[in-house]
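The values are calculated or read from the model by the stated rules, or taken from the named source; none is laboratory data. Please read all numbers here as calculations on a predicted model, not as lab measurements. Note: ideal-geometry Cβ built from the backbone for every residue, glycine included; neighbour counts use all protein chains shown.
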Amino acid sequence: MRLVLLGAPGAGKGTQAKMLIEKYKIPQISTGDILRKAVADGTPLGKEAKTIMDKGELVPDKIVLGLVEERVKQEDCKKGFILDGFPRNTAQAEALDKMLKDLRMPLDSALSVDVPKDDLMKRLTGRRTCKGCQQMYNVYYSPSKKKDVCDKCGGELFQRGDDKEETIKKRLDVYDSSTAPLIDYYKKKGILKSVKGVGSIDEIFKKVCSLLERE
Ligand code: AP5
């Protein structure tokens, strides 16, 4: 299965991707996670990316395309992959098509997770992630039992630097102007599937799996 996950910031792409990895045993390629790791490691790329991410803007296509190409060529992607947060604009989508055509690994589906705007701000301002195992929580919807402590591994929970209200507004604007047009892009290619991303995480996951398994 070669899949692109589309959806606004906070739609639940990462949440669903983590469950898809478990079920289908294919890797998640999250450009956001790769960039955040580069920022945490303090690499030159990370330093450049940090300023841009803190503003809620998109990192230059050239950087992101290089990261994705390097990743999809790895052995574990031969049986499939889940692209989460990539592509983010039409130029990235076209470059991805070309890259995957050259590798003879065309996409099977693009799944759009649709969530009303009003829910997104609360999901993002409430998100907390474990520094240790990366388990995700939400102070409003799915809090940890003990404040700021991971239920799974006891690690410390943190709030992402770009989950501040002003940055979230910018990210949502960038989604509308640059990323939302990809819904039409994949519809025209005949590989778009859509799911309502509201309700329990498990219910959404069931719908996602049934959509992906449908011919
Ligand atoms: P990225 O890391 O990709 O962030 P994003 O697209 O903004 O998406 P999020 O990770 O914020 O949300 P999500 O949809 O994964 O939701 P989640 O599952 O976490 O990108 C960050 C930045 O990196 C960009 O702004 C850009 O600068 C840069 N970047 C990344 N890729 C790039 C690219 N290709 N090109 C250029 N720049 C790029 O869920 C959110 C919260 O909601 C959680 O707390 C979760 O527990 C909760 N939740 C999930 N599902 C539900 C539910 N059903 N009900 C209630 N709560 C729920």
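Observations
- Cross-chain or 6+ apart pairs with Cβ under 7 Å, segment 61-87 first and within 11 Å of the ligand (Cβ to nearest atom), then of a type in the set (D, E, K, R): Asp84/Lys13; Gly85/Lys13
- In segment 178-215, the residues that are of a type in the set (Val, Ile, Thr), touching a Pro at 6+ places or on another chain (Cβ under 9 Å) and assigned to a helix (DSSP H, G or I): Thr179
- The residue of segment 179-194 that is surrounded by the most Cβ atoms within 10 Å (Cβ to Cβ), among those that are of a type outside the set (Ser, Thr, Tyr) and in contact with a helix residue (DSSP H, G or I) (Cβ under 8 Å, 6 or more places away or on another chain), is Leu182.
- Restricting the search to helices (runs of 4 or more DSSP H) fully inside segment 1-60 and requiring at least 3 residues that are under 15 Å from the mean Cα position of the chain (by Cα) gives 13-24, 31-41.
- Filtered residue count, segment 131-149, keeping only those that are within 13 Å of the ligand (Cβ to nearest atom) and more than 17 Å from Gln16 (Cα to Cα): 4
- Within segment 164-174, considering residues that are touching a helix residue (DSSP H, G or I) at 6+ places or on another chain (Cβ under 9 Å) and within 11 Å of the ligand (Cβ to nearest atom), the one nearest to Gly32 (Cα to Cα): Arg171
- Screening the candidates Ala91, Ala95 for the property of being exposed (fewer than 14 other Cβ atoms within 10 Å of the Cβ), in contact with a helix residue (DSSP H, G or I) (Cβ under 8 Å, 6 or more places away or on another chain), at pLDDT 95 or above and aliphatic (A, V, I, L, M) yields one hit, Ala91.
- Residue match in segment 66-74 (condition: closer than 14 Å to Val174 by Cα and either touching a Gly at 6+ places or on another chain (Cβ under 8 Å) or buried (at least 19 other Cβ atoms within 10 Å of the Cβ) (or both)): no
- Test: residue in segment 150-163 that is in contact with a strand residue (DSSP E or B) (Cβ under 8 Å, 6 or more places away or on another chain), under 18 Å from Asp118 (Cα atoms), within 10 Å of the ligand (Cβ to nearest atom) and among the charged types (D, E, K, R): yes
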